[in-house]
Every structure is written in C-alpha cells, then in structure tokens.
1. In degrees between 0 and 90, to the nearest 10, how far off the longest principal axis of the chain does helix 154-172 point, with axes built from Cα atoms?
2. By accessible area of protein heavy atoms, probe 1.4 Å, what ranking do 123, 147 get, highest first?
3. Taking the Cα atoms only, what angle lies between the long axis of helix 215-226 and the longest principal axis of the chain, rounded to 10 degrees?
4. If each of residue 122 and residue 60 carries a label point 7 Å out from its Cα toward its Cβ, how far apart are those two points in nm?
5. Expressed in nm to one decimal, what extension gain is obtained for the pair residue 36 and residue 180 from 0.36 nm per residue of sequence separation less their Cα-Cα distance?
6. Using θ = phi - 60° and the Karplus form 6.51 cos²θ - 1.76 cosθ + 1.60, what ³J(HN,Hα) does each residue of the range 63-71 get, whole Hz, x for Gly and Pro?
7. Using label points projected 7 Å from each Cα along Cα→Cβ, tell me how many nm separate residue 74 and residue 17, to one decimal.
8. Rounded, prolate or oblate: which one fits the range 1-156, using the alpha carbon gyration tensor with axes a ≥ b ≥ c (rounded when a/c is under 1.5, else prolate when a/b beats b/c, else oblate)?
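The values are calculated or read from the model by the stated rules, or taken from the named source; none is laboratory data. Source: prediction; values computed, not measured. Methodologically, a virtual Cβ is constructed for each residue, glycine included, from the backbone with ideal geometry; neighbour enumeration extends over all protein chains shown. With ligands, DNA and RNA removed, areas are computed over all heavy atoms of the protein, side chains included. Shrake-Rupley method; radii C 1.70, N 1.55, O 1.52, S 1.80 Å.
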Amino acid sequence: MIGTIVNTCCIIAGSILGSLLKKGIKPEVQKVMFTAMGLASIGLGLNAFVQHFSHSEYPVLFIVSLAIGGLAGTALNLDDRFNNLIDKKSKKGNNLGQGLSTGILLYCIGTFSIIGPMNAALYGDNTFLYTNSTLDLITSTVLATTYGIGMIFAAPVLFCWQGMFYLIAKLAGNVIPEALMHEIIAVGGLLIVASGLHLLDLKDCKTLNLIPALLVPVLFFLVKMLF
C-alpha cells in the first residue's frame with residue numbers, strides 16, 4: 001500500500017500548495033493552467049481508450065456500457081446530487097463540487113490508478129503508482145488554485161479507490177481476467193475525455209452520471225462466467 005499512501009500524500013500536498021498560491025495567481029494564468037489540464041485530460045483519456053480498446057474482445061461493449069451506465073446515473077441524478085451536497089458545504093461561488101468531481105475523476109479513473117494498485121498487490125511493483133503520484137501532485141495544485149483547500153477531500157476518495165483494487169487483487173490473485181481490465185480502462189478513458197471537455201468549457205457531460213458505466217463490463221463478465 002506504500003504506493004497508494006504516497007499518491008494520497010501528493011494530493012494533500014498539492015491541494016495545500018495550490019490553496020496557498022491561489023491569491024498570487026492571476027485569473028488569466030489560472031485559465032491557461034485549466035486549458036492545459038483540459039488538453040492533457042483529453043490526451044490521456046484518448047490514449048487510455050485507444051490503447052485498451054485495441055485489445056477489446058467485445059468492440060461494442062464500451063458503447064453499451066456508456067449507454068446503460070448513463071441511464072442509470074441519470075436516473076439516480078448522481079451529478080446534481082453530488083454537486084448540491086458539496087456546494088452546500090462550500091463557499092458561495094466557489095464551485096467546490098465541480099472541482100471535486102473533476103479531481104476525483106482525474107485521480108481515480110485512469111490506467112495508473114486502476115492497474116497501479118493491482119500491480120503493487122500482485123507483483124510488489126509501485127512504478128505506476130509513483131508515476132501517478134507525480135501527475136496528481138501537479139493536477140491537485142492546479143485545481144486548488146481555483147477551488148481552494150477543499151480539494152483535499154479528494155485524497156481519502158483516492159485512498160479508498162486504490163485500496164479497493166489493491167484488496168481485490170490480493171484476495172482474487174490472478175482470477176481477474178485481463179480482458180475485463182481492458183474494457184474497464186477503455187470506458188474510463190472516455191470518462192476522462194468528458195472531464196477534459198468540461199475543463200475546456202466545451203461541454204458539460206455530467207460525467208458523474210456516467211460513472212456506473214464502469215460497472216457494466218464487470219456485470220457482463222460475471223454473466224458470461226455463469227452462462
């Protein structure tokens with residue numbers, strides 16, 4: 001778990017640093033940084049999708065996952081519920097809910113954050129997690145310059161998220177099909193792209209409503225194993 005602990009600490013450090021720098025950064029500089037993060041998110045998301053989709057055994061599964069997951073998330077109104085809950089506890093006009101939802105997606109839904117803890121559990125290799133820690137340190141600093149110290153609350157979410165995959169890998173060992181990981185990460189890559197579009201103010205995809213899409217490949221493989 002050392003890699004996940006380092007990753008969590010980097011988000012905490014970045015959030016503190018970004019909040020301290022907040023008053024010293026001009027709005028136009030913040031805008032440039034968010035444009036950079038938006039472009040980086042789209043690039044990373046597309047890379048994850050293309051890389052893992054090329055190994056997909058079920059090319060239409062990601063479409064079905066997004067459709068079913070989107071319908072489920074919309075029915076549950078996840079995006080609005082989350083933003084309303086957070087905004088009630090944040091300063092007026094701070095939009096902390098938007099920042100946390102963006103941060104959590106960037107920190108958690110990516111190749112490094114899913115494969116990293118599993119690789120650490122199965123092989124004791126923390127390389128992916130240390131790489132992810134560096135990326136998250138920069139990302140959390142940039143996000144905190146706009147959304148403030150409240151971005152620190154994304155750290156325990158990341159710890160629980162990576163800890164879950166770590167424990168699953170420890171308990172299940174090599175039982176988890178590699179094909180399933182390809183499907184999950186391909187869908188996750190598209191969710192990162194959606195988050196990048198939001199950062200660029202091009203399209204509010206209500207990405208949290210699409211989060212259930214990550215569960216659809218898992219359910220598909222479970223049904224497939226049963227029948």
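1. In the chain, helix 154-172 runs at an angle near 20 degrees to the longest axis.
2. Largest to smallest exposure gives the sequence 123, 147.
3. 10 degrees
4. Using points 7 Å along Cα→Cβ, the separation is 2.9 nm.
5. So the chain would gain 48.7 nm between residue 36 and residue 180.
6. Result, rounded to whole Hz: 5, 4, 4, 5, 5, 5, x, x, 5.
7. 4.0 nm
8. oblate
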